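Accompanying notes for the structure given below.
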Amino acid sequence: MQSIKKRNTYIDVLRGIAMLMVVLGHTMTGATNNSEKSFLFNIIWSLQMPLFILISGYVTRYSKRITSSFKLKSVLIKRTKAYLLPWFVWTIFVRGILINKEIPHLFHIFWNMDSGYWFLFTIWTINVVYCISEFFSLKVQKDYETFKNTIMIGIMFVFGMIILLGIGIIFGLSFLGIKLTLYYMPFYFCGFLYGKYQDKIHKFKGSKKVIELVVAISAIVWMYSLIRINFYSLQDSGINIIIRAIVSMTGCITIFGLIRDCNIIKNSVGKFLEWCGKHSLEIYLTHYLVLNLVSLSNKYAFNTIEAITVVLINYVITIMLCLIIIFMINKN
């Protein structure tokens with residue numbers, strides 16, 4: 001297992017790609033009309049958040065095991081500071097008081113999480129469920145590496161999903177972004193499973209060819225599905241949610257495999273993506289402040305030259321200003 005102190009550059013690059021897709025998606029929807037119907041937005045929407053959540057589950061392989069109530073409390077406090085504190089500060093003070101010149105109504109925010117920094121609250125909720133699941137699983141099976149322990153974590157994780165669903169049924173699935181959280185929780189668990197068993201998988205003879213085959217099949221399924229279906233416009237029926245999740249998973253597998261097999265990590269582009277991955281939280285929070293500063297008198301449809309031009313200009317400006325803001329904050 002990789003040392004806890006050493007960052008996984010590969011994961012930072014993937015996180016950077018996901019973050020840049022988030023910014024591009026917001027740029028497209030804010031600067032143009034009907035960009036949600038474009039093939040590019042279909043790619044972005046199928047990947048950006050599922051990839052983030054999958055990575056979050058994967059990096060649990062580097063975490064210290066939660067073997068006591070003291071460690072559980074410590075981890076939960078750490079996660080709360082890392083996710084809920086930025087969510088509260090930026091939602092209430094920055095976007096609310098400083099930008100909109102008013103104190104946001106908490107009840108409105110609680111039932112409209114997707115209008116702001118919902119991702120921070122969702123990833124915090126998922127982390128809480130996972131940490132509690134790991135804690136109780138180690139009470140039953142103290143050896144984390146055993147399959148029995150994995151089963152116990154899975155059972156507790158599903159139990160946590162059921163509790164969230166119950167809260168959602170009582171207060172509404174929009175309450176605290178429960179609908180989004182439930183959708184992304186399986187991605188987190190899949191990332192956890194791969195992170196836990198990655199080393200064992202790679203020890204099998206012929207595993208490399210099997211992984212390459214899985215990546216190739218995933219790429220075909222992902223691209224074919226994106227060409228055939230606009231997933232942003234799909235209704236939230238049970239079957240559509242399952243199809244959307246499967247396609248997003250094949251997209252994540254494709255990106256995982258492609259980045260792993262290329263040399264992008266070693267060049268300047270890779271270094272930039274790695275930096276964006278390390279500072280993904282800062283980019284996520286600050287890009288709203290400098291988003292779409294350049295606008296045309298009329299919003300053009302995304303498939304026009306004018307719209308594509310203004311998107312590219314705004315995208316470059318947003319990324320550059322985010323880098324400057326983050327650099328200045330880190331220097332202070």
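The values are calculated or read from the model by the stated rules, or taken from the named source; none is laboratory data. Small disclaimer: the values here were computed from a predicted structure and weren't measured. Using ideal geometry, Cβ is built from the backbone for each residue, glycine included, and neighbour counts are taken over all protein chains shown. Side chains are part of the model used for accessible areas, which takes the heavy atoms of the whole protein and leaves out ligands, DNA and RNA. Shrake-Rupley method; radii C 1.70, N 1.55, O 1.52, S 1.80 Å.
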Practice task
Considering each residue of the stretch 184-216, count those that are surrounded by fewer than 20 Cβ atoms within 10 Å (Cβ to Cβ), assigned to a helix (DSSP H, G or I) and not basic (Lys, Arg), and give that number.
Solution key: 17
Handout entry: Single unsatisfied condition, Asn292 versus (1) in contact (Cβ under 8 Å) with a residue 12 or more places away in the chain; (2) in a helix (DSSP H, G or I); (3) surrounded by 15 or more Cβ atoms within 10 Å (Cβ to Cβ)
Key = (2)
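Using the structure shown, decide if Arg61 is of a type in the set (D, E, K, R), in contact with a helix residue (DSSP H, G or I) (Cβ under 9 Å, 6 or more places away or on another chain), farther than 19 Å from Arg260 by Cβ and modelled with pLDDT of 90 or more. Step through it out loud before you land on a result.
On the way: of a type in the set (D, E, K, R): yes; in contact with a helix residue (DSSP H, G or I) (Cβ under 9 Å, 6 or more places away or on another chain): yes; farther than 19 Å from Arg260 by Cβ: no; modelled with pLDDT of 90 or more: yes.
So Arg61 fails the test.
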Exercise for the section: Of all residues in the stretch 77-108, count the ones that are open to solvent by 20 Å² or more (accessible area, probe 1.4 Å), part of a helix (DSSP H, G or I) and over 23 Å from Ser56 (Cβ atoms). Expected result: 9
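For the stretch 297-304, indicate whether the set of residues that are open to solvent by less than 80 Å² (accessible area, probe 1.4 Å), closer than 24 Å to Leu14 by Cβ and among the aliphatic types (A, V, I, L, M) is non-empty. Show your work before the answer.
Initially, the stretch 297-304 is screened for residues open to solvent by less than 80 Å² (accessible area, probe 1.4 Å), giving 301-302, 304.
When the remaining residues are screened for being closer than 24 Å to Leu14 by Cβ, the result is none.
No.
Condition check: touching a strand residue (DSSP E or B) at 6+ places or on another chain (Cβ under 7 Å) and part of a helix (DSSP H, G or I). Does Ala307 satisfy that? Outline the logic, then answer.
Values: touching a strand residue (DSSP E or B) at 6+ places or on another chain (Cβ under 7 Å): yes; part of a helix (DSSP H, G or I): yes.
Answer is yes for this residue.
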Handout entry: In the stretch 224-266, the residues that are touching an Asp or Glu at 6+ places or on another chain (Cβ under 6 Å) and among the polar types (S, T, N, Q)
Key = none
Completion exercise
Of those in the stretch 69-81 that are in contact (Cβ under 8 Å) with a residue 12 or more places away in the chain and of a type outside the set (Lys, Arg), the residue nearest to Ile132 (Cα to Cα) is Leu72
Fill in the blank from the handout: Within the stretch 9-55, residues being among the small types (Gly, Ala, Ser), modelled with pLDDT of 90 or more, in a helix (DSSP H, G or I) and surrounded by fewer than 22 Cβ atoms within 10 Å (Cβ to Cβ) number 1
Practice task
Would you check which residues across the stretch 255-273 are under 16 Å from the mean Cα position of the chain (by Cα) and either of a type in the set (Val, Ile, Thr) or open to solvent by 20 Å² or more (accessible area, probe 1.4 Å) (or both) and list them?
Solution key: Ile255, Phe256
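Yes/no matrix, rows are residues, columns are (1) part of a helix (DSSP H, G or I); (2) over 18 Å from Leu40 (Cα atoms); (3) not β-branched (Val, Ile, Thr):
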| position | (1), (2), (3) |
| --- | --- |
| Ile220 | yes, no, no |
| Ser225 | yes, no, yes |
| Tyr232 | yes, no, yes |
| Ile241 | yes, yes, no |
| Ile246 | yes, yes, no |
| Cys252 | yes, no, yes |
| Phe256 | yes, yes, yes |
| Ile259 | yes, yes, no |
